[in-house]
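All remarks here apply to the structure that follows.
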Amino acid sequence: MRPFDLCILSAANETQAQGYRTRLNWRKQQALYPHTEFMVLADPDGRRIGSGGSTLFILRRLYELAGENFSAAFSRKRILIIHSGGDSRRLPAYAACGKIFTPLPTRQPACLFDIAMNTYAALPFNPEGQVLIASGDVLLSFSAEQLQFADRGITGIAYPDDAQVAGRHGVFVPSRQAYQTPVPVKDFLQKPSSEELVHARALDYHQRAWVDTGIVHLAPDAVEALIQCHGLLAYTLKEKNELNLYQEIPFALLGKKSLRDSGRLQTLAFHVSLLAYCGFFHIGRSREFLYNLYTLTQAGALHGFENGVRSNAADFPQFKEAYIYHSLIDTHRARITSPVLIENCHLRHSIELGGDNIVTNLSSTTGPVKLEANLGLTLLPLKRQRWTALLYGLADHFKTGVKPENNLFMNQPITEWLQQRSLTERALWPKGPCGDLWNAQLFPLCSNPAAASQLMLSLQSTNRFPKKWLAAERRSLRWILQQVDHRSLLQQEETIEKAATLQNLRHVLTPDSAWTAAALLGLCTNERAPALLAWELEKLTKQNQDLLFLSRLYYLRSQLVRSAPGAGPAPDAEADRWLDLAFSTIRQAVGKSVHDVPAQNHCGIAIRSDEVVWACAPARLDFAGGWSDTPPYCMEQGGAVLNAAVLLNGQYPIQVIAKVLRQPIIRINSIDLGASAVVKDLAQLRDFTDPSDWLSLPKAALIAAGIFSGKERSSLSSLLKKFGGGIDLTLFSALPAGSGLGASSILGAATIAALSRTFGLKWSQADLFQRTSYLEQLMTTGGGWQDQIGGVVGGVKLIQTPAGYDQTPTLSWTQLDEESKEHTLLYYTGLRRMAKNILRQVVSRYLDRDPEALMVLARLKSLALEMKSALDHREVETFGELIGQVWECNKQLDQGSSTEMIEALIRQVSLHVHGVKLLGAGGGGFLLMVAKSRHDRDLLRQKLMQNPPNSRARFFDFTVDSGGLRVNVL
């Protein structure tokens, strides 16, 4: 799904445009649409020119901004135009922000605009460029996979509906009926009668017509033709005539209406793409919007509309009859009769709603509210630190040019309303005769929200003369909307959102949510908030049993303590304690899938006293998907890694030998380190949490293999006597520490395998994988499963695991064919880096739900699948390029994965390779290079052998090993 390069909102006037810009700038600051630029263009001189005129004006403006260079403005660009220039007169609750920014009851804060952006981004993209046009007052629900756009001309989108619905919309008459392909338009009707539908043969056998969705696709030739409609645009601007994109333009395309530049328009192809179904969630009139929320709709189901979301309403049964979202409740004094909408409100005083009410933007200082049935109330901050309250009837529309009997205020004809209160027309129109409500001076200007709301609420009484209201300075809705303080309104929305979220944290911070520590801390808008946040997090930790979620909660608590020093006397130490608890909980989660086998459940040593168990294992080359195998990511998201088991210079680089001792001791030897030690008691055996201590691995292996449980109360000597003798373990790794070839994990797997055979435990391959992961958690290195699987299982394979505690992998093999092998070089840089801190940093980013980390981890998983496909098809160049992409992802995930020395080395070889990456966690170790040709391969060898970065740097020959780990008894 390609994002839009540019999104343009049309606006009725510059004041509305400024309000839109305020909200778009907020989204830019939140990085919600990082790849999209935004622009708001108001109709010239604030005069309406219609959706067609606005389209021509916007296209021409973009063309001019690009220096009248069509290619620069539109070629290969994806552009979205949303017509959103209405005044929302029939929905006063959201007249200030505009219908396009009407908030919706979704778990994550979202307006109509946000859902529309995602909906339209799913539509097909024309690689040559496209302009999509849509309406800003409707939320559409459809399957984008059913649609295709014509490569040339204009394409509309239609869906089937009955004649009654069709009579209120535009209707396409396609030349034929077919899905997933655009078909030529035979005719187009606008709000046709039943007779017109029959006459135009617009009905199918089920008496349905193809209703216009309002989405229009312009191919490049159509964009260019519309830009050249100089006469039509000039006429529209000069005559101040509204040109309708959904009537005059399609009529002109079909030759049904003569317009300026009709000849140019008629040269364009006109198609329609047909949907099997489309759901409409129209944000039009007040009552329609209210009832839509109480109704099960396609849009509600698709986008997860939910009553009570982003509010603490669930804690207040008095509000159970209301539809509430994005609100904070601090009062039990409430009487509610449904249906009622409460949104963007902080309710601290008594509230009584008679039914069919919409209440929005009420601040904590509004005061008591008592609202009769069928009325709405909204508060608005104005410029110069003033406030007003809009009281209105759900049937009011504030239209101009209507008959007096249809000029409704508080659901009554305005003449009746005035008579009931002994008022004259001069009260509303002091400088002229009775006019329309759009210009009626109904709404008071006050210094605070309480004064404004109480003045307007007093108008509900018909028994008394509204003396205070009459004496107040008042203005019309038209004037009010030009004076709204959009920054203050947005700030109020943010404050309520944060406070309600904090109060409702247990429902918001869930295992599948993406809250970062910074975002949670951002909820703290006053001095008491950090303590409330800590308290809510503590409640969550006590209520949850999910180890993976608990680890994240502990991490968040560590960040809260670290960022709020006032939380304790020693914040850094306290933060480290919570962080350690987070990682120890991850270790518990990994251990959950491993069934410890205590000593009494095995029969002791299962080999003869003169026999030796010998385990040999290849090294691992990781090609793609690294980090996705690391807990807790793999347990929550599933992992995918492509790697290979290899011999180095023809040899198995990792070996373990186990044999029986007569003495009841454990002796551990390291050939490559030239070291030896004896473990004499259980306290020594359980000391394995220091990864820099070479003894930690074999000692942890004795626990992870199930030889010991780690909870024994007997002495080590007595346990070994019961087993039948002591244990002699000899370890050998020909790989340097920090090589990036999985040496530690594979050595751990080989040790567990050797011990398993020695004690006759008969662990399966899947058991071995899980127990090696557990070993790494015991050692606190916290690595993933790809290293041990890479060495235990031979060949080049894609390893995948599902989400869940059980990380049993699914494997599928590919091969490094002869050409790929000849182009691939393995070079030891002579540099080293320990992986523990790296793992902590990367896992911490995931626990924090860092957006960049989540994106990179998902990309690494997909690269593993793409790379397997490249190897399956023997595409050496693609394989190399993907290797390079993996390296870039690794650097994004961990800045320490590269150094200036590494980058200098990569620059030295860059002209000769398709791609290059450090293996493993990076920062040093082995460099994998995919040369462009055999000649480039030879040049690389020559260059690096003549000028190595240090005395330890050297090439290694490697061979893919098909057998993997071998365990034999000699």
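The values are calculated or read from the model by the stated rules, or taken from the named source; none is laboratory data. Note that this is a predicted model, so its numbers are computed, not measured. Positions of Cβ are backbone-derived with ideal geometry, glycine not excepted, and every protein chain shown enters the neighbour counts. Keep in mind that these areas ignore ligands, DNA and RNA; they rest on the heavy atoms of the full protein, side chains included. Shrake-Rupley method; radii C 1.70, N 1.55, O 1.52, S 1.80 Å.
Any chance you could count how many residues in region 146-171 are surrounded by 22 or more Cβ atoms within 10 Å (Cβ to Cβ), under 20 Å from residue 192 (Cβ atoms) and of a type in the set (Val, Ile, Thr)? Qualifying residue count, region 146-171: 2.
Here residue 67 passes the criteria (1) farther than 22 Å from residue 100 by Cα; (2) assigned to a strand (DSSP E or B) except the one numbered (2). Identify all residues within region 299-318 that are open to solvent by 20 Å² or more (accessible area, probe 1.4 Å) and not in a loop (DSSP other than H, G, I, E, B); write none if there are none. Within region 299-318, 301, 302, 303, 314, 315, 317, 318 meet the criteria.
Just give me the residues in region 746-762 being within 16 Å of residue 964 (Cα to Cα) and either within 33 Å of the chain's Cα centre (by Cα) or open to solvent by 10 Å² or more (accessible area, probe 1.4 Å) (or both), in sequence order. Answer for region 746-762, where residues must be within 16 Å of residue 964 (Cα to Cα) and either within 33 Å of the chain's Cα centre (by Cα) or open to solvent by 10 Å² or more (accessible area, probe 1.4 Å) (or both): 747, 753.
Has region 843-852 got any residue that is among the hydrophobic types (A, V, I, L, M, F, W, C), in the same structural domain as residue 879 (by the TED database), closer than 27 Å to residue 516 by Cα and over 14 Å from the mean Cα position of the chain (by Cα)?
So far as region 843-852 goes, yes, one or more of its residues are among the hydrophobic types (A, V, I, L, M, F, W, C), in the same structural domain as residue 879 (by the TED database), closer than 27 Å to residue 516 by Cα and over 14 Å from the mean Cα position of the chain (by Cα).
Looking at region 956-968, can you tell me whether even one residue there is outside any strand (DSSP E or B), within 30 Å of residue 838 (Cα to Cα) and open to solvent by 20 Å² or more (accessible area, probe 1.4 Å)? Yes: region 956-968 contains one or more residues that are outside any strand (DSSP E or B), within 30 Å of residue 838 (Cα to Cα) and open to solvent by 20 Å² or more (accessible area, probe 1.4 Å). Condition first: farther than 19 Å from residue 618 by Cα and part of a loop (DSSP other than H, G, I, E, B). Now tell me which residues in region 768-808 satisfy that. Those that are farther than 19 Å from residue 618 by Cα and part of a loop (DSSP other than H, G, I, E, B): 779, 780, 781, 782, 802, 803, 804, 805, 806, 807, 808.
Can we say residue 461 is of a type in the set (S, T, N, Q), in contact (Cβ under 8 Å) with a residue 60 or more places away in the chain and either open to solvent by 20 Å² or more (accessible area, probe 1.4 Å) or in contact with a Gly (Cβ under 9 Å, 6 or more places away or on another chain) (or both)? Give the derivation first.
Working: of a type in the set (S, T, N, Q): yes; in contact (Cβ under 8 Å) with a residue 60 or more places away in the chain: no; either open to solvent by 20 Å² or more (accessible area, probe 1.4 Å) or in contact with a Gly (Cβ under 9 Å, 6 or more places away or on another chain) (or both): yes.
No.
What do you reckon, is residue 423 in contact with a Leu (Cβ under 8 Å, 6 or more places away or on another chain), assigned to a loop (DSSP other than H, G, I, E, B) and either open to solvent by 10 Å² or more (accessible area, probe 1.4 Å) or assigned by the TED database to the domain that holds residue 318 (or both)? Before the answer, list the steps.
Working: in contact with a Leu (Cβ under 8 Å, 6 or more places away or on another chain): yes; assigned to a loop (DSSP other than H, G, I, E, B): yes; either open to solvent by 10 Å² or more (accessible area, probe 1.4 Å) or assigned by the TED database to the domain that holds residue 318 (or both): yes.
Criteria met by residue 423.
Note down all Cβ pairs under 6 Å where the first residue falls in region 268-292 and is of a type outside the set (Gly, Ala, Ser), the second is loosely packed, with under 15 Cβ neighbours inside 10 Å, and they're at least six residues apart or on different chains. As it stands, the answer is 271/184; 274/179, since those pairs meet every condition given.
Counting only helices (runs of 4 or more DSSP H) that fall entirely inside region 609-728 and contain at least 3 residues that are within 30 Å of residue 885 (Cα to Cα), modelled with pLDDT of 95 or more and of a type in the set (Phe, Trp, Tyr), no element qualifies.
With respect to residue 21, determine if the residue is touching a strand residue (DSSP E or B) at 6+ places or on another chain (Cβ under 7 Å), at pLDDT below 95 and either open to solvent by 10 Å² or more (accessible area, probe 1.4 Å) or outside any helix (DSSP H, G or I) (or both).
The answer is no for residue 21.
Name every residue in region 24-62 that is open to solvent by 30 Å² or more (accessible area, probe 1.4 Å), of a type outside the set (Lys, Arg) and within 31 Å of the chain's Cα centre (by Cα), in order of residue number. Across region 24-62, the qualifying residues are 25, 26, 29, 30, 31, 32, 33, 34, 35, 37, 38, 39. Taking (1) under 24 Å from the mean Cα position of the chain (by Cα); (2) over 19 Å from residue 277 (Cα atoms); (3) not in a helix (DSSP H, G or I); (4) not acidic (Asp, Glu) in turn, residue 123 satisfies each apart from (2). Which residues, taken from region 490-514, are out of contact with any helix residue (DSSP H, G or I) (no Cβ under 6 Å at 6 or more places or on another chain), over 22 Å from residue 364 (Cα atoms) and open to solvent by less than 40 Å² (accessible area, probe 1.4 Å)? Across region 490-514, the qualifying residues are 509, 510, 513. Per the listing 57, 38, the residue uniquely assigned to a helix (DSSP H, G or I) and aromatic (Phe, Trp, Tyr) is 57. Filtered by the rule that a residue be touching a Leu at 6+ places or on another chain (Cβ under 8 Å) and β-branched (Val, Ile, Thr), region 762-788 gives a lone residue, 781.
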